[in-house]
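The values are calculated or read from the model by the stated rules, or taken from the named source; none is laboratory data. Predicted model only: the values in this text are computed from it and were never measured. Cβ atoms come from the backbone with ideal geometry, glycine included; neighbour counts cover every protein chain shown. The area values use the complete protein model at the heavy-atom level, side chains included, leaving out ligands, DNA and RNA. Shrake-Rupley method; radii C 1.70, N 1.55, O 1.52, S 1.80 Å.
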Amino acid sequence: MRVDDSEHPARELRRMHGVFREEVLPTIRGMPTRDDPMGEAARQALGTEMGRKTPSNAVNQQASTMATGEAL
């Protein structure tokens with residue numbers, strides 16, 4: 001992105017940063033990570049209330065849940 005062709009480049013850069021912070025950053029923070037492979041955005045889209053799981057304990061919890069018959 002370029003702001004140098006704006007009449008007030010510093011003002012335009014501040015405006016663009018505000019738009020990024022309010023509209024884009026929340027989406028990025030909800031994306032999957034190594035520590036949270038499902039990601040908050042996917043949990044919200046699926047309407048689940050699953051706790052955050054790391055890849056290693058996600059498999060262990062699913063296996064113990066299946067053994068006890070509890071739902072996630």
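What the table below lists for this structure:
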item	result
Test result for Arg43, at pLDDT below 90 and in contact with a helix residue (DSSP H, G or I) (Cβ under 9 Å, 6 or more places away or on another chain)	no
Segment 24-35 residues that are more than 17 Å from Leu46 (Cα to Cα) and open to solvent by 80 Å² or more (accessible area, probe 1.4 Å), paired with ones that are of a type outside the set (Gly, Ala, Ser) and not in a helix (DSSP H, G or I) (beta carbon under 7 Å, 6 or more apart)	Asp35/Thr54
Candidate set: segment 1-23, residues that are loosely packed, with under 11 Cβ neighbours inside 10 Å and charged (D, E, K, R); chosen: the one farthest from Arg43 (Cα to Cα)	Glu7
